[in-house]
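*Asks:* Pasting a structure below so you can have a look.
The values are calculated or read from the model by the stated rules, or taken from the named source; none is laboratory data. It should be emphasised that the depicted structure is a prediction, and the values quoted were computed from it without experimental measurement. All Cβ positions, glycine included, derive from the backbone under ideal geometry; neighbour counts span all protein chains shown. Only protein heavy atoms, including side chains, enter the accessible area calculation; ligands, DNA and RNA are left aside. Shrake-Rupley method; radii C 1.70, N 1.55, O 1.52, S 1.80 Å.
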Amino acid sequence: MRYSIVLLLLVASCLAQYTTEERCSCVTGPPDYLCPTAPLLQVYLPHELYCTRYYKCTDGRAIEFQCPYGLYFDTQNNTCTCDFTLCYRKDPCIQFVDSCRCCNRQFDNNGLAPENFYVCYNDGYAVATTCPVALDPCTGGLVQLQFVNQKCEVPPGCL
């Protein structure tokens with residue numbers, strides 16, 4: 001009887017440890033990896049948690065901003081607006097990527113189109129991500145950024 005109680009407690013302890021492990025991103029801080037280092041390009045990013053906040057890329061860094069009270073960030077127009085439906089977001093595409101296990105890598109883009117990459121989690125899963133489109137204010141044109149050297153950058157020969 002004692003043996004079965006000890007065994008039961010041991011199994012319960014193991015299960016409790018397994019279920020309390022959290023999925024954590026291998027990348028911390030603001031999403032600087034989405035911001036190109038090229039000057040003058042305009043890139044705006046939605047905040048990962050709050051629809052009332054956004055990031056503006058400046059010199060390769062994502063700087064956080066907040067919309068005025070009662071407004072929400074519109075990713076299509078890069079402005080704050082009163083449309084609360086902007087808070088409804090699609091679920092991210094998460095899949096297993098072997099090279100992400102135990103945060104061996106922060107990102108992986110092997111075999112993907114140049115603008116696509118994975119942001120790794122500690123448990124080997126990753127979120128499929130696409131580099132943003134940047135506005136070149138000099139030409140008025142849009143530039144699809146590509147994932148190069150662990151960062152979204154302007155494709156070679158584009159500017």
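*Asks:* Just need a number here: residues in the stretch 110-124 that are in a strand (DSSP E or B), at pLDDT below 95 and open to solvent by 40 Å² or more (accessible area, probe 1.4 Å).
*Replies:* So the answer is 2.
*Asks:* Looking only at the stretch 130-150, which residues are part of a strand (DSSP E or B) and either at pLDDT below 95 or open to solvent by 40 Å² or more (accessible area, probe 1.4 Å) (or both)?
*Replies:* THR130, VAL133, ALA134, LEU135, ASP136, GLY141, LEU142, VAL143, GLN144, GLN146, VAL148
*Asks:* What about TYR50, is it at pLDDT 80 or above, part of a loop (DSSP other than H, G, I, E, B) and either in contact with a strand residue (DSSP E or B) (Cβ under 8 Å, 6 or more places away or on another chain) or surrounded by 10 or more Cβ atoms within 10 Å (Cβ to Cβ) (or both)?
*Replies:* yes
*Asks:* Kindly provide the set of residues from the stretch 1-47 that are among the charged types (D, E, K, R) and at pLDDT 60 or above, ordered by number.
*Replies:* GLU22, ARG23, ASP32
*Asks:* Can you find a residue in the stretch 75-94 that is of a type in the set (Phe, Trp, Tyr), part of a strand (DSSP E or B) and either in contact (Cβ under 8 Å) with a residue 12 or more places away in the chain or open to solvent by 40 Å² or more (accessible area, probe 1.4 Å) (or both)?
*Replies:* No, the conditions are met nowhere in the stretch 75-94.
*Asks:* Of the numbered conditions (1) in contact with a helix residue (DSSP H, G or I) (Cβ under 6 Å, 6 or more places away or on another chain); (2) open to solvent by 50 Å² or more (accessible area, probe 1.4 Å), ARG105 satisfies every one except a single condition; which is it?
*Replies:* The failed condition is (1).
*Asks:* Could you check how many residues of the stretch 53-74 are part of a strand (DSSP E or B), open to solvent by 90 Å² or more (accessible area, probe 1.4 Å) and without any contact (Cβ under 8 Å) to a residue 24 or more places away in the chain?
*Replies:* Qualifying residue count for the region: 1.
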